[in-house]
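The values are calculated or read from the model by the stated rules, or taken from the named source; none is laboratory data. Here the structure is a predicted model, which is why all the values come from computation and not from measurement. Reconstructed Cβ throughout: ideal geometry from the backbone, glycine too, with neighbour counts over all protein chains shown. Note: areas computed on protein heavy atoms with side chains; ligands, DNA, RNA excluded. Shrake-Rupley method; radii C 1.70, N 1.55, O 1.52, S 1.80 Å.
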Amino acid sequence: MKRIAAALALAAPSAAVAGPFPADPLNSPMWEFVADKYLGEGAAVRFDPRVKVTFPEVAENQRVFPVQVDARGIADVARVMILIDLNPIQLPIDYRLGDAEAFVSTRVKLDQRTPVRGLVQLKDGTWLASGGWIDAAGGGCSAPPVSRVKGDWAQHLGEVRGRLWSGASGARVQLAFRHPMDTGLVDNIAIYHIDDLRLTAADGRMLGEVKMQAAVAEDPVLALMPRTRPGEAVRFAGRDTNGVEFAGTLEAGGGAVASR
Amino acid sequence: MADRAWVIRGADTYIARDNGGAVANIALFATEAGAVLVDAGPSLRYGQALAKLARELTGEPVARVYLTHLHPDHTYGDAAFAPGTIAATPALAAELKREGPGFSDGMYRILGDWMRGTELHMPGHAVTAERETLGGRSFRLLALSGHSASDLAVLDERTGTLVAGDLVFHDRAPTTPHADLPKWRAALDTLKGLSHRRVVPGHGPLDPTPAAAIDQTRDWLDWLEGALTAAVRDGLDMVDAGLMPIPDRFARLKVARYELQRSVAHLYPALEAREWPRVDGR
Ligand SMILES: [Zn+2]
């Protein structure tokens with residue numbers, strides 16, 4: 001995996017020529033490369049502290065590192081991405097908002113000291129970015145999942161826990177999936193992860209669609225803030241890269257979400 | 001501390017290069033048969049300094065090193081001692097064999113040159129009795145658990161000094177990487193019921209009273225478990241939970257925010273699995 005990161009780093013200088021991207025306040029060696037790759041060549045992007053990217057001071061577990069991107073202070077958000085520059089898999093979450101607030105929270109794998117970014121695309125196509133560096137020991141992506149070591153991953157595959165909270169400060173959905181989220185970077189275990197997840201309201205309204213990659217931690221947990229109506233349930237449906245499907249319903253009544 | 005008993009204080013913070021990993025407290029007792037240490041510090045270099053200090057203070061070489069639990073800030077200094085002098089419960093010895101070497105990468109990464117030559121020694125003396133007497137000094141040995149799967153507390157009966165390992169923290173937030181909170185609480189009950197005079201906590205200043213540090217540790221653990229459970233029920237994610245307010249009564253606890261965030265990482269997934277219903281319809 002270190003080899004892959006090095007190869008990407010070598011590729012960066014040539015990519016840098018293409019992008020007229022603003023200077024990176026994080027001084028990441030990969031900024032031009034990741035901006036070009038994930039935002040698109042010539043994309044309009046600016047750094048904006050209203051994109052609030054929050055995570056703990058230390059990566060206690062580099063395989064399960066919590067990251068929250070809150071862009072609720074910004075109007076007309078269409079898409080929120082979490083980007084980890086120096087990971088071999090850089091884009092754990094790509095979230096296209098339906099009827100939802102611009103908020104996503106999850107846990108990711110870290111492979112080394114790296115910038116962790118939130119990237120927000122507005123309806124006009126332009127991007128806003130923010131983030132910070134986090135120090136991490138090696139191996140978040142190249143260590144085998146705990147459930148692979150224990151050998152019980154298949155027994156629990158497809159299990160989903162979750163709740164829907166709703167109240168005056170908005171609704172929040174939390175979903176916790178059992179899934180090994182194999183990166184393909186561990187000996188003899190092919191890449192295998194939850195790929196796609198859609199949330200809809202009871203009336204069929206699209207609440208959001210999340211593309212996940214294997215840089216999301218094993219047994220992914222996802223928090224989103226759909227705009228639900230009082231008493232309204234939320235349905236989720238997703239599939240993994242082997243076509244295994246996950247679906248269920250979160251009934252209203254989890255109580256109001258607390259603000260911290 | 002008292003009658004030929006000393007505590008070698010660790011820095012009340014986390015393992016870092018500027019403290020060489022010397023964050024855990026070590027207790028030292030003189031006996032007619034040689035010096036007795038409880039815990040060995042983080043590295044060969046530290047263990048060697050400890051051996052030298054023990055000889056200077058007691059006039060005798062180290063005859064026994066009791067290890068309280070598996071964490072490397074307490075055990076890795078045993079590299080400086082012969083396996084026959086290193087004492088642990090059979091449960092801890094098995095844990096050290098299984099998991100002890102696994103801390104090495106992380107310790108070298110953080111501490112670099114401080115760790116040079118450090119190789120964890122496996123204990124050669126099994127602690128199976130409830131009491132051991134060395135050179136006229138009796139130590140009561142309590143095999144407990146909760147901070148980790150096997151925690152040893154050592155009571156020096158001559159001075160009433162309880163060396164609690166990491167079952168007790170004092171003015172420094174407790175750590176939970178291998179914690180079992182119900183077992184930890186039961187262990188604290190046991191410790192509180194001993195007739196001791198003072199407590200050497202695993203981290204933080206000596207408690208000259210029998211109960212203050214034990215009560216403070218328990219108060220933190222009770223608050224932590226209640227607050228994290230409420231956070232999971234209220235829909236807070238791990239980031240939110242790590243930023244929750246810490247009650248004023250814990251203001252004197254060093255590195256409280258840091259340990260809260262670590263504890264969120266350790267404890268949150270199990271609480272979510274317990275508190276959230278299955279929604280997959282299977
Ligand atoms: Zn410990």
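For the stretch B:159-200, enumerate the residues that are among the polar types (S, T, N, Q) and either free of Cβ contacts under 8 Å to residues at least 60 places away in the same chain or in contact with a helix residue (DSSP H, G or I) (Cβ under 9 Å, 6 or more places away or on another chain) (or both).
Kept after step one, since they are among the polar types (S, T, N, Q), are these residues of the stretch B:159-200: B:159, B:161, B:175-176, B:190, B:195.
Answer for the stretch B:159-200, where residues must be among the polar types (S, T, N, Q) and either free of Cβ contacts under 8 Å to residues at least 60 places away in the same chain or in contact with a helix residue (DSSP H, G or I) (Cβ under 9 Å, 6 or more places away or on another chain) (or both): B:175, B:176, B:190, B:195.
Restricting to strands (runs of 3 or more DSSP E) lying wholly in the stretch B:70-189: which have 2 or more residues that are within 13 Å of the ligand (Cβ to nearest atom) and surrounded by 24 or more Cβ atoms within 10 Å (Cβ to Cβ)?
B:151-156
Would you pick out the residues in the stretch A:68-92 that are open to solvent by 10 Å² or more (accessible area, probe 1.4 Å) and touching a Pro at 6+ places or on another chain (Cβ under 9 Å)?
Residue satisfying the conditions is A:86 alone.
Within the stretch B:248-282, which residues are within 9 Å of chain A (Cβ to nearest Cβ), touching a residue at least 40 places away in the same chain (Cβ under 8 Å) and out of contact with any Ser or Thr (no Cβ under 9 Å at 6 or more places or on another chain)?
B:268, B:272, B:276, listed by residue number.
For the structure I just gave you, tell me whether residue A:30 is more than 14 Å from chain B (Cβ to nearest Cβ), in contact with a helix residue (DSSP H, G or I) (Cβ under 8 Å, 6 or more places away or on another chain) and within 16 Å of residue A:126 (Cβ to Cβ).
no
Identify, please: which residue in the stretch B:1-33 is of a type in the set (S, T, N, Q) and open to solvent by less than 20 Å² (accessible area, probe 1.4 Å) and is, among those, farthest from the ligand (Cβ to nearest atom)?
We begin by selecting, within the stretch B:1-33, every residue of a type in the set (S, T, N, Q); these are B:13, B:19, B:25, B:31.
This time we only want the ones that are open to solvent by less than 20 Å² (accessible area, probe 1.4 Å), so: B:25, B:31.
Numbers: B:25: 11, B:31: 26 Å.
It comes out as B:31.
Name every residue in the stretch B:96-127 that is in contact (Cβ under 8 Å) with a residue 40 or more places away in the chain and more than 16 Å from residue B:66 (Cα to Cα), in order of residue number.
Taking the stretch B:96-127 as the starting set, the residues that turn out to be in contact (Cβ under 8 Å) with a residue 40 or more places away in the chain are B:107, B:110-112, B:114-121, B:123-125, B:127.
If the condition is that a residue be in contact (Cβ under 8 Å) with a residue 40 or more places away in the chain and more than 16 Å from residue B:66 (Cα to Cα), then B:107, B:110, B:111, B:112, B:114, B:115, B:116, B:117, B:118, B:119 are the ones that fit.
If residue A:205 passes every condition in (1) within 14 Å of another protein chain (Cβ to nearest Cβ); (2) more than 27 Å from residue A:110 (Cα to Cα) but one, which one does it miss?
Just one mismatch for residue A:205, condition (1).
Confirm whether residue B:73 is at pLDDT below 95 and either of a type in the set (Asp, Glu) or under 20 Å from residue B:130 (Cα atoms) (or both).
For residue B:73, the condition - at pLDDT below 95 and either of a type in the set (Asp, Glu) or under 20 Å from residue B:130 (Cα atoms) (or both) - is met.
Return the residue satisfying two criteria in turn: it lies in the stretch B:190-216 and is small (Gly, Ala, Ser) and open to solvent by less than 10 Å² (accessible area, probe 1.4 Å), and of such residues it is nearest to the ligand (Cβ to nearest atom).
B:202
Go through the stretch A:196-240 residue by residue and tally those that are surrounded by fewer than 17 Cβ atoms within 10 Å (Cβ to Cβ) and either of a type outside the set (Lys, Arg) or touching a Ser or Thr at 6+ places or on another chain (Cβ under 8 Å) (or both).
10
When the stretch B:217-233 is examined, which residues are found to be surrounded by 19 or more Cβ atoms within 10 Å (Cβ to Cβ) and free of Cβ contacts under 8 Å to residues at least 12 places away in the same chain?
The answer is none; no residue qualifies.
Would you point out the residue of the stretch B:254-282, among those that are open to solvent by less than 60 Å² (accessible area, probe 1.4 Å) and touching a strand residue (DSSP E or B) at 6+ places or on another chain (Cβ under 6 Å), that is nearest to residue A:55 (Cα to Cα)?
B:272
Residue B:237 passes all but one of (1) without any contact (Cβ under 8 Å) to a residue 60 or more places away in the chain; (2) open to solvent by 50 Å² or more (accessible area, probe 1.4 Å); (3) not hydrophobic (A, V, I, L, M, F, W, C); which number fails?
Going through (1) without any contact (Cβ under 8 Å) to a residue 60 or more places away in the chain; (2) open to solvent by 50 Å² or more (accessible area, probe 1.4 Å); (3) not hydrophobic (A, V, I, L, M, F, W, C) one by one, residue B:237 breaks only (2).
Residues that are closer than 25 Å to residue A:235 by Cβ and open to solvent by less than 10 Å² (accessible area, probe 1.4 Å), at least 3 per element: which strands (runs of 3 or more DSSP E) completely within the stretch A:93-155 meet that?
In the stretch A:93-155, A:100-108 are the strands (runs of 3 or more DSSP E) which contain 3 or more residues that are closer than 25 Å to residue A:235 by Cβ and open to solvent by less than 10 Å² (accessible area, probe 1.4 Å).
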